[in-house]
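*Asks:* Structure in structure tokens, see below.
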Amino acid sequence: MLQGHPDMKKCPGIDISTGSLGQGLACGVGMGIAAKRDNKDYRVFVVVGDGECQEGEIWEAAQTAHKYQLDNLIVFVDNNNLQIDGITDEVMPNIHLGKKFEAFGFDTYEINGHDMQEIVDTLERIKMTKNGKPKCIFANTVKGNGVSYMENECCWHGVAPNKEEYELAIKELDEQLKMC
Ligand SMILES: Cc1ncc(C[n+]2csc(CCOP(=O)(O)OP(=O)(O)O)c2C)c(N)n1
Ligand SMILES: [Mg+2]
């Protein structure tokens, strides 16, 4: 189900298979416009990476979301300051990424992306807010959070753990769950 890039044929709830950076938000904007035109009240959720936000297509999509007043669009930014080959701030700094979404007309909420309660509370807060503004949940995260050998290591961007690494990861995550 989570074999690599989000796959709409394998993963329930995923409507678009992506992998080419920037396209997910453009597709989400199209879905948001379709909902408005068809008078449907579904919401569209898009997850983008901080490295992905270096793509121009993101900002073309963002200004389109503003133009069509897509208050049914929720964009999560996975702000982990890492991308496939290094530190985002070093590869190509995004410069005030959350403020950028705000400047493009989004209601923006900065949260700890590892705090499920904060995620749920924020989603509840913005549920069905019909103010004509698209929403951005700017989530500060740590890549590989909770797995000792993966944390903050960009090399794990697209690599599967081997059997031993997998077992250690599950053990560590299980221990943390028990402490919750
Ligand atoms: C259009 C496009 N250009 C380049 C790539 C190669 N690429 C794959 S992932 C990646 C970096 C993504 O970084 P980020 O969005 O921060 O994701 P994270 O590593 O944090 O999961 C790049 C440049 C791509 N997939 N698509
Ligand atoms: Mg990243």
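*Asks:* GluC sites (Glu not before Pro) within region 126-174: which are DSSP loop residues with at most 13 other Cβ atoms inside 10 Å?
*Replies:* Answer in residue order: 151, 153.
*Asks:* Let me ask something else about it. Would you calculate the separation in nanometres between label points at residue 38 and residue 178, each defined as 7 Å from the Cα along the Cα-to-beta-carbon direction?
*Replies:* In this crude label model, residue 38 to residue 178 measures out at 4.7 nm.
*Asks:* Can you run phi through the Karplus equation (6.51, -1.76, 1.60; θ = phi - 60°) for region 44-51 and list ³J(HN,Hα) in whole Hz, with x for Gly and Pro?
*Replies:* Rounded to whole hertz, the list is 10, 10, 10, 10, 10, x, 5, x.
*Asks:* Chymotrypsin sites (Phe, Trp or Tyr not before Pro), restricted to region 1-76: which are DSSP loop and have at most 11 other Cβ atoms within 10 Å?
*Replies:* 42
*Asks:* Under 8 Å for C-alpha pairs, at least 6 residues apart: give me the relative contact order for the chain, rounded to a whole percent.
*Replies:* This gives 19 percent for the chain.
*Asks:* How big is the antiparallel share of DSSP beta bridges in the chain, given as a percent to the nearest 5?
*Replies:* 10 percent
*Asks:* Sequence-distant or interchain residues sharing an amide H contact under 5 Å with residue 76, placed H: which?
*Replies:* So residue 76 has HN proximity to 46, 47, 48, 137.
*Asks:* Consider all pairwise Cα distances in the chain and report the whole-number % of them above 23 Å. Mind dumping the intermediate values first?
*Replies:* Numbers: 7423 of 16110 pairs.
Of the Cα pairs, 46 percent sit more than 23 Å apart.
*Asks:* Moving to a separate point now. With every protein chain present, what is the per residue accessible area of the chain (1.4 Å probe, Å²)?
*Replies:* 61 Å²
*Asks:* In addition: Given a 1.4 Å probe and every protein chain left where it sits, what share in percent of the accessible area of region 52-180 is carbon and sulfur?
*Replies:* Of the solvent-accessible surface of region 52-180, carbon and sulfur hold 53 percent.
*Asks:* Quick check: with the 1.4 Å probe, what order do 1, 128, 179 take by accessible area, largest first?
*Replies:* Ranked from most to least accessible, the order is 179, 1, 128.
The values are calculated or read from the model by the stated rules, or taken from the named source; none is laboratory data. Since the structure is predicted, the reported quantities are computational estimates derived from the model, not experimental observations. Quick reminder, even Gly has a Cβ in these numbers, built from the backbone with ideal geometry, and neighbours come from all protein chains shown. Just so you know, the surface numbers come from the protein's heavy atoms only, side chains and all, with ligands and any DNA or RNA stripped out. Shrake-Rupley method; radii C 1.70, N 1.55, O 1.52, S 1.80 Å.
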